[in-house]
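Engineer: After the structure tokens below, expect a handful of questions from me.
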Amino acid sequence: MRAFPILVLLTTVSWAQPGVKVGDVATLPEAERIWNGAFNHFDQTWGKAVVYVWFVPELQARKFVNKLNQVHDRYHGQGLVLAAISHREEAEIEKWVRRHRPRFTVVCEPSNLSMGSYPFMQWPSAALVSPRGRVMWKGGGDRVPEARLKVALKTAVTYGPAAPLRIVVDLPKAHGRAQGALERGQLAKALELLAGDTDAEQQARGLVTGLLQEKVVEARDAEKQGRFHTASRIFGRVSQHAPGTRWGEEAKKALARYRLDPKIRRELKGGAVLVKAEEAMADRDWKRAGKLLKKLIVREYEGTRVRARAEELLRKLK
């Protein structure tokens, strides 16, 4: 089984002590300050796969940061939150962050209660938490099993036009099949399994229909703005995750209409190239971005929105 190494620089006693166990609800850190986080509190990471790593700044340095940056870069877009937690003074952690420039989240937790709840007795130590907040693995911080991380990411919530439409929610045990369908993005199946009148079923159905309606409206708006590639990606997900529903049928018809329209087909083809160019720019790969954008400055794309956008981005690269 492949694993990501996370350098161990100090070991005091074995981590295998009583406390929070695999399968238990994970203890959320009491964050006094968060660096590089798109949230203010860890209850906002519900639906994400989370890796917590407890460390001390004077012991974990560049090699430690490089290893965690690799994990973050590889899996952040798939729904991973990687959080390195320290109980040291905020000023000391601030200095460490400025010096080593981690791309993952860093947390100041003076109480150190989260680490103590497992309990871990060495630095670094780590825990992998599922999108439903359950501990999937815990251990000394020398490795995070990649196979288990990938399992967690299969039900993690992500965002964007092409993101899978998953819903992470705790339902009564009687609705275990429906809960599994929601987490896998089988929304049409989930609606069938949640056809009853209990409060849990009604609330879960509301989450499904609300998400599907939100996505359809988002796709309609993208289409009105001429962003057909974005619209097609959203409609594609709705069609895939909710076939046979009214939202899925609308998405299916829209996609069929796009395929029949030569002008829209040009937007779709060029849009796929534009997305890759924007990704290259986000990675600061300016050379690759420029090559991709120049592919859109040809006669085939004259008068299209994708060409206008490509010209705009090329001007920014100069």
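Engineer: Mind checking which of 174, 210, 235 is farthest towards the positive end of region 173-260's charge dipole, using Cβ charges of +1 (Lys, Arg) and -1 (Asp, Glu) about the Cα centre?
Structural biologist: The Cα lying farthest towards the positive end belongs to 235.
Engineer: A further question follows. With r defined as the distance between the Cβ atoms of residue 287 and residue 162 and R0 fixed at 30 Å, what FRET efficiency is calculated, to the nearest 0.05?
Structural biologist: Once rounded, the FRET efficiency stands at 0.75.
Engineer: If you restrict to DSSP beta bridges whose two residues both lie in the chain, what percentage is antiparallel, to the nearest 5?
Structural biologist: So the antiparallel bridges amount to about 65 percent of the total.
Engineer: As an exercise, use a Förster radius of 51 Å and the Cβ-Cβ distance of residue 278 and residue 132 to find the FRET efficiency, rounded to the nearest 0.05.
Structural biologist: 0.95
Engineer: Restricting to DSSP H runs of at least four residues, report the calculated mean residue ellipticity at 222 nm for the chain, -39500 (n - 2.57) per run over all residues, nearest 500 deg cm²/dmol.
Structural biologist: The helix-only estimate for the chain comes to -15000 deg cm²/dmol at 222 nm.
Engineer: Note down, for region 138-290, the three equivalent ellipsoid semi-axes (square root of 5 times each alpha carbon gyration tensor eigenvalue), biggest first, whole angstrom.
Structural biologist: Taking √(5λ) for each Cα gyration eigenvalue gives 31, 26, 10 Å.
Engineer: Cα extents of region 173-260 along the three principal axes, largest first, in whole Å?
Structural biologist: Computed over region 173-260, the largest-to-smallest principal extents equal 44, 18, 18 Å.
Engineer: Arrange 224, 253 by Cβ neighbour counts within 10 Å, fewest through most, would you?
Structural biologist: 224, 253
Engineer: Also, quick follow-up: Have a look at the DSSP beta bridges in region 3-153 and tell me what percent are antiparallel, nearest 5.
Structural biologist: Rounded to the nearest five, the antiparallel share is 65 percent.
Engineer: Which length gain, in nm to one decimal place, applies between residue 147 and residue 111 when the Cα-Cα distance is subtracted from 0.36 nm times their residue separation?
Structural biologist: 9.8 nm
Engineer: Efficiency by 1/(1 + (r/R0)^6): what FRET value for residue 257 and residue 299, r their Cβ-Cβ distance, R0 = 25 Å, to the nearest 0.05?
Structural biologist: In this case the efficiency is close to 0.50.
Engineer: Mind checking which lysines have their C-alpha under 16 Å from residue 294, skipping anything on the same chain fewer than 8 residues away?
Structural biologist: 269, 276, 316, 318
Engineer: Something else now. Run through all the Cα pairs of region 264-318 and give the fraction in each 5 Å bin from 0, expressed as whole percent.
Structural biologist: The calculated distribution, bin by bin, is 4, 24, 36, 22, 11, 3.
Engineer: Mind checking region 230-318 for GluC sites (Glu not before Pro) that DSSP puts in a loop (not H, G, I, E or B) and that have at most 11 other Cβ atoms within 10 Å?
Structural biologist: 302
Engineer: Let me ask something else about it. What order, most packed first, do the peptides 190-198, 73-81 have when packing is the mean number of other Cβ atoms within 10 Å of each residue?
Structural biologist: Ranked from most to least packed, the peptides come out as 73-81, 190-198.
Engineer: Right, next: What per residue convex hull volume, in Å³, comes out for the chain when only alpha-carbon positions are used?
Structural biologist: 159 Å³
Here, each number is a calculation from the coordinates, and none is a lab measurement. Not measured: the values here are computed from a predicted model. Neighbour counts are summed over all protein chains in view; Cβ atoms, including those assigned to glycine, are modelled from backbone coordinates with ideal geometry.
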